[in-house]
Amino acid sequence: MNNKFFINIPVMKEISYPIQIKAGLLSNISWIPKEYKKIVIITDNLVKKMYGIQLKQLLQKKSYEVMIFSFAAGEKSKNIHTFTKIINSMLKCHCGRDTLILALGGGVVGDMSGFISAVYMRGIPYVQIPTTLLAMVDSSVGGKTAIDMIQGKNLIGAFWQPKSVIIDTSCLETLPKKHLINGLIEALKMFLIYDKVNFYFLQKNTEDILNFNKNKLQKIIYQALIIKTSIVSQDEKDNHIRMILNFGHTIGHALEKVSQYKILHGYAVAYGILIEAKISEILKILPKKQFFIIQSIIQRLGFNGGDLKKLNIKEIIKNSKIDKKVHSGKVNYVLIKNIGEVYIDANNHYVHPVLDNIVEKAFYEVCGV
Ligand code: GLY
């Protein structure tokens, strides 16, 4: 199956780029835009060994001038030091505005490469080539680029859309199960906020998907991206509807920070979804029965609210307050009113301030204490 579709972002100016989903795209580079001769592959040390060297050689065979810059895998590298190091290497190699960046890797590589592309010589083109499920279903599409600061995640960044997104699903064959789950959580989030039909598809096929069933995984990627592109094309700069993609992330980001990024992003979001769905239920926005359905799929993916017992909710709430979503000191939450539907209030707001005591109550109920 070859899925190719376009994302159109008409809000500011006409921006449109293709997203291709197919096994084997990394070994057939016909998708490289023809006008570039100088290419910089940005990747991490693990992906470099798995796919980077091979891609570099393939490009060199086709007479491209290719450089590869890598850094240690993991969120801890998504910082100003890695950013400066790569920029310095690019300057040393005389990379000009005619250079194309290939962001080869997971979400960290995508965010870092995207941010470098956004600011290097005031902006150069890049192609997102996600190799993890998390990056395939979410972070590679939509042009959010960023690095982390000690104060919090993604605090410095830019909106900078890629030239294209190339999803080679054969990369999933080498993906460890924990990273498969990491990405599935973002797909689950997408369905919880926007798409009841595919939520139930995921619910019915959880075991097959956890066993890497190729067709079902490809369907999940495609359907998640249909949602993502639909949302981003309505609100590129995250001013209204795009904020719903942050369901589960207010708590999720705080958990990542409290764990010093030892917990995987999707795992933190899984607990975030549980707590934020529980907040929705406590506020009588989400029916109890729907909460239990959500809790049950999260459990089947391996997450129990009880795991959170050892954490300090006050510290999590404190950390949730250092976030881009905070306005006038209020922490904003995406709430859901049904599976596949977010709560939008009478003033058409997609995010809602929630009192600390409600967050605490949700946390203790989810933990079972
Ligand atoms: N991952 C959330 C967004 O792209 O807006």
**Asked** Here are some conditions: (1) at pLDDT 95 or above; (2) within 30 Å of N312 (Cβ to Cβ); (3) polar (S, T, N, Q). N198 meets all but one. Which one does it not meet?
**Response** (2)
**Request:** Would you be able to say whether some residue in region 199-211 is crowded, with 19+ Cβ neighbours inside 10 Å, in a helix (DSSP H, G or I) and within 16 Å of the ligand (Cβ to nearest atom)?
**Result:** no
**Prompt:** If a residue has to be of a type in the set (S, T, N, Q), surrounded by 17 or more Cβ atoms within 10 Å (Cβ to Cβ) and either within 13 Å of the ligand (Cβ to nearest atom) or over 13 Å from the mean Cα position of the chain (by Cα) (or both) to count, how many in region 131-171 make the cut?
**Reply:** 7
**Message:** Looking only at region 221-238, count every residue that is more than 25 Å from A23 (Cβ to Cβ), within 11 Å of the ligand (Cβ to nearest atom) and of a type outside the set (V, I, T) and tell me the total.
**Reply:** 4
**Request:** Would you point out which residue out of I181, I87 is more than 15 Å from the ligand (Cβ to nearest atom) and more than 18 Å from G248 (Cβ to Cβ)?
**Result:** I87
**Asked** Given the structure, is I101 part of a helix (DSSP H, G or I), β-branched (V, I, T), more than 18 Å from the chain's Cα centre (by Cα) and at pLDDT 95 or above?
**Response** no
**Test result for M112, surrounded by fewer than 24 Cβ atoms within 10 Å (Cβ to Cβ) and assigned to a helix (DSSP H, G or I)** = no
**Item:** Residues satisfying the stated conditions in region 250-274, i.e. free of Cβ contacts under 8 Å to residues at least 24 places away in the same chain and within 15 Å of the ligand (Cβ to nearest atom)
**Value:** G252, A268
**Message:** Would you confirm whether or not region 4-18 contains a residue that is at pLDDT 90 or above and either under 20 Å from the mean Cα position of the chain (by Cα) or buried (at least 18 other Cβ atoms within 10 Å of the Cβ) (or both)?
**Reply:** yes
**Message:** Considering only region 342-356, I want to know if a residue exists there that is more than 29 Å from T145 (Cβ to Cβ) and in a helix (DSSP H, G or I).
**Reply:** yes
**Asked** Pairs, please: C-beta under 8 Å, at least 6 apart or cross-chain, first residue touching a residue at least 24 places away in the same chain (Cβ under 8 Å) and in region 219-245, second more than 12 Å from the ligand (Cβ to nearest atom) and among the acidic types (D, E)?
**Response** Q223/D195; I227/D195
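The values are calculated or read from the model by the stated rules, or taken from the named source; none is laboratory data. Please read these numbers as outputs of a predicted model, since none were measured by experiment. As a convention, Cβ positions derive from the backbone with ideal geometry for all residues, glycine included, and neighbour counts pool all protein chains shown.
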